[in-house]
Structures are given as C-alpha cells and as structure tokens.
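> One structure is given below, represented as structure tokens, and several questions about it will come after.
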Amino acid sequence: MILSKRTIHLLLLAGLFALPFVSIAQIIIQGKVINEATGKPLQGTSIYFNNTTIGTSTNADGRFSLPLPEIENAELIISSVGYQRLVYKPEAATIQNKTIVFKLVQKEEELKDILILTDAVRKKYLAIFEREFLGITEEASYSNIQNKKDIYFTSGDSKNSFKAYSDTPLTIINKMLGYKVSFELVEFFYDQQNGRTSYYGYTRFDEMGDKNRWVKNRKLSYYGSTMHFYRSLIGNHLQQEGYKVYIIKLLHTDPSKPQQNMEMAVEVTAAQIITTDSSNSNNYNVTIAGKMMVQYRKEPATKNYLRKNTFIQGDIPGGFRSYITATAPVISLNREGIINNPINVLYGGYWIYEKAANMLPYNYMPE
C-alpha cells in the first residue's frame with residue numbers, strides 16, 4: 001500500500017483530552033518512509049501517534065514499526081524537517097501483515113510576511129507566547145521551550161495581535177511532569193484587544209527517565225483537568241469524581257440594556273447533556289445551549305500557585321469554577337473522550353490558565 005500526501009486527509013487538531021487506551025500487541029503497523037522525488041529512504045523521520053507516548057523514528061532503511069493503539073481515529077504522524085507532514089488514520093483490517101510506504105514531499109518555501117523585530121520587542125513577544133502557549137500554572141513555571149530561536153512572528157488580523165510559527169518542532173522540557181514534549185506548531189494566534197488566544201499542532205510525549213519519579217505530580221495535575229472532566233462525563237461519574245454541571249440561562253435579554261441581563265445556573269446531570277450519536281455508536285454528542293458552568297468541589301493542586309502568582313486576590317472559594325461555551329450545535333466526543341472538532345469549544349474560568357504545560361498524553365492513566 002502506497003500513500004502520498006494527496007491520498008491522506010489532514011486533520012489539524014489542538015491539544016485534546018481523552019480517555020486512556022491500550023495497545024493491541026498482536027497488531028503492529030509497519031511502514032517505510034521515502035522521498036517521493038528520489039525514492040530514497042528517509043532515516044530519522046519522526047513517527048508517532050498524536051498526543052501519546054507511542055512513537056519511534058525510522059532506521060537507515062526508512063523503516064519503522066509501532067503497536068496500533070485501540071482508539072477511534074488515532075492519528076499517525078509522519079514528520080521530517082524539510083518535508084510536508086503526513087497524517088494517517090490506520091485501521092487494523094487494512095494494515096495487518098502489510099508494509100505501508102509513505103512518500104514525503106519536500107516543502108516549498110512559503111512566503112510569509114515575517115516581522116523584523118528589535119531585540120526588546122522580540123523578547124516581549126516571546127514572553128507573551130510562552131505565557132499564552134504554556135499557561136499560567138506551576139507546571140508552566142517548570143517548563144521550558146528549548147528552541148525559542150526557531151519561533152518567528154507575523155502580523156495578526158488587527159492591531160495588538162500577532163501570529164507565531166515554527167518550521168521545526170518546539171522542544172518543551174516539563175520538569176514537573178517528566179515529559180520531553182515535541183510540539184509541531186501549525187499556528188498560534190494572539191489578540192490582546194479581545195483577550196483571545198488559539199493554537200493548534202501535533203504533540204509527541206517522551207518519558208524523561210523513570211516515569212515512577214513523576215507519578216505524584218502527574219496525578220495532581222490530572223484531577224480537576226479537562227481530561228478528567230471529559231472522562232467523568234462519558235463514564236457518568238460526575239458526582240463521584242467531584243463535579244457538578246450547570247447550564248447558564250439568561251433571565252433578561254434586552255439588547256438595548258445588556259447591563260441589566262441576569263443569569264441563572266440550572267444544575268443538570270450527565271444524562272441530560274450527553275447522548276450516543278445515532279449515526280456512530282463510537283461517538284457521543286454533548287448538547288449545551290450557550291454556556292455551561294463546571295463546578296469542581298475538590299482542591300486542584302495548582303490553586304495555591306495561582307493565588308501567589310496571578311492577579312487573583314484574597315480567598316478563593318473551595319474547588320473551582322470553569323466554563324465551556326459551545327460554538328456549534330453539539331460537541332462531538334469519541335468513545336475515548338476526544339473532542340472530534342476542538343474549535344467547537346471555548347474555555348473560561350479556571351481552565352483558561354491550563355494550557356500546553358498541563359497536557360497529559362491520551363494514554364495517561366493515574367496509578
């Protein structure tokens with residue numbers, strides 16, 4: 001089987017959150033990566049399942065093998081510097097006992113209007129990028145982007161906004177969670193005026209030594225995270241895991257007097273907002289009218305850090321509140337809890353502080 005860029009559907013995803021999965025040991029995906037123009041093998045190509053610790057690199061013959069994870073729409077990333085990235089969704093029935101040949105096409109030089117910045121302005125932009133990309137948490141304070149020199153900036157869509165790119169994967173050392181993270185940044189957008197940040201890309205996690213050293217920190221980061229919430233929602237374990245969910249309803253909606261608008265929080269159960277997709281039993285649909293408030297009654301680990309290092313003053317109520325706003329009629333989740341289209345969700349409240357530095361791989365499971 002031969003796959004080229006024209007035959008593979010490319011789906012760009014952000015940092016998503018999902019249920020753990022297991023590898024099916026008897027099913028192995030075997031492949032070979034070659035240069036499409038010359039037919040020569042490409043050694044050292046990065047091969048990994050997106051947002052997991054399952055990855056490898058091609059050998060001198062361009063060959064690799066990896067266990068196939070049991071996860072809906074698992075994305076195999078084939079990436080080599082200087083070549084166009086491939087994204088492939090393998091299925092057990094089509095790969096078993098076969099060697100798949102991936103043809104990589106060399107990148108054409110893209111003309112981007114790169115900003116020429118003074119050292120002082122570039123330092124300012126990098127500081128904003130790190131804050132908005134890594135987050136404002138204790139995990140972020142222990143994380144470092146090693147190759148910041150590879151980040152470049154372009155103008156945004158309006159004043160006080162900019163975009164960031166990198167032609168090589170960003171290498172992030174997370175000393176609190178024990179991961180070396182390779183993040184292939186597709187695009188980053190920051191708009192100061194509207195207080196909006198968005199980014200997406202592809203993520204590979206590698207263990208930094210003995211993972212037993214990081215068990216406690218990873219567990220603390222997990223509980224109260226969006227990953228934990230989506231798993232609890234799909235499993236109908238919200239109450240047991242410490243969550244309450246409310247739909248925010250407007251009581252007064254006079255457009256001419258928005259300052260008089262009042263909101264009411266109506267508690268709902270998981271069964272009231274999530275259903276199995278009638279067209280695909282492996283998917284779930286979460287339906288919320290407008291905005292949903294998520295109340296977590298337990299104390300998240302990073303709360304003290306926020307109190308000391310952000311604008312939050314005084315006592316913070318027990319637990320936390322976060323908000324989820326749907327930008328589509330439904331939020332589609334697969335059976336592992338992965339949001340199928342992440343742009344359909346906007347976060348507010350506590351979760352707005354947690355970003356790339358708090359990401360855990362899809363195959364993470366608290367011990």
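> If amide hydrogens are placed 1.01 Å from N in the peptide plane, which non-local residues have theirs closer than 5 Å to the one on Gly201?
Under 5 Å from the amide H of Gly201: Leu13, Ala14, Gly15, Val186.
> Still on this structure, please answer the following. So what is the 222 nm mean residue ellipticity for the chain from helices alone, if each DSSP H run of at least 4 adds -39500 (n - 2.57) and you divide by all residues, rounding to the nearest 500 deg cm²/dmol?
It comes out at -4000 deg cm²/dmol, rounded to the nearest 500.
> I would also like to ask the following. Please report the antiparallel percentage of the DSSP beta bridges confined to the chain, to the nearest 5.
Approximately 90 percent, going by the DSSP bridge assignments.
> Still on this model: Can you work out the Karplus-derived ³J(HN,Hα) for every residue in segment 203-215? Use 6.51 cos²θ - 1.76 cosθ + 1.60 with θ = phi - 60°, whole Hz, and x for glycine or proline.
10, 10, 9, 10, 5, 9, x, 5, 5, 5, 5, 10, 4
> Here is a further query. Compute the angle between helix 119-134 and the longest alpha-carbon principal axis of the chain, please, reported from 0 to 90 degrees and rounded to the nearest 10.
That helix lies at roughly 80 degrees to the long axis.
> Under 5 Å between amide hydrogens, which residues at least 5 positions from Tyr323 or on another chain qualify, with H placed 1.01 Å from N in the peptide plane?
Val294, Gly348, Gly349, Tyr350, Trp351
> When ligands, DNA and RNA are left out and all protein chains stay put, how many square angstrom of accessible area per residue does the chain have with a 1.4 Å probe? Provide the component values of the computation, followed by the final result.
On the way: 18690 Å² over 367 residues.
Dividing the accessible area of the chain by its residue count gives 51 Å².
> What's the local net charge at Ala74, with K and R +1, D and E -1, over the other residues with C-beta under 14 Å away?
So the surrounding residues net to -2.
> Counting pairs of alpha carbon atoms under 8 Å apart in space and at least six apart in sequence, what relative contact order in percent does the chain give?
Relative CO of the chain lands at 18 percent.
> Additional query: With semi-axes √(5λ) of the Cα gyration tensor in Å in mind, check [x] 49, 22, 17; [y] 34, 29, 16; [z] 35, 26, 21 and report the label derived from this structure.
Comparing each candidate, only [z] matches the computed number.
> Right, next: For segment 34-129, which trypsin sites (Lys or Arg not before Pro) pass both filters: DSSP loop (anything but H, G, I, E, B) and at most 10 other C-beta atoms within 10 Å? Provide the component values of the computation, followed by the final result.
Numbers: sites: Arg63, Arg85, Lys98, Lys103, Lys107, Lys112, Arg122, Lys123, Lys124; in loops: Arg85, Lys98, Lys107, Lys112.
Passing both the DSSP loop test and the Cβ count: no residue.
> Let me ask something else about it. Along the charge dipole of the chain, pointing to its positive end and built from +1/-1 on Cβ of Lys, Arg, Asp and Glu, which listed residue (Ile114, Pro300, Met359) has its Cα farthest out?
Positive-most Cα among the choices belongs to Pro300.
The values are calculated or read from the model by the stated rules, or taken from the named source; none is laboratory data. This one's a predicted model, so the numbers in the text were calculated from it and none came from an experiment. In this analysis, Cβ positions are derived from the backbone assuming ideal geometry, glycine residues included, and neighbour counts consider all displayed protein chains. In case anyone asks, the SASA skips ligands and DNA or RNA and just uses the protein heavy atoms, side chains included. Shrake-Rupley method; radii C 1.70, N 1.55, O 1.52, S 1.80 Å.
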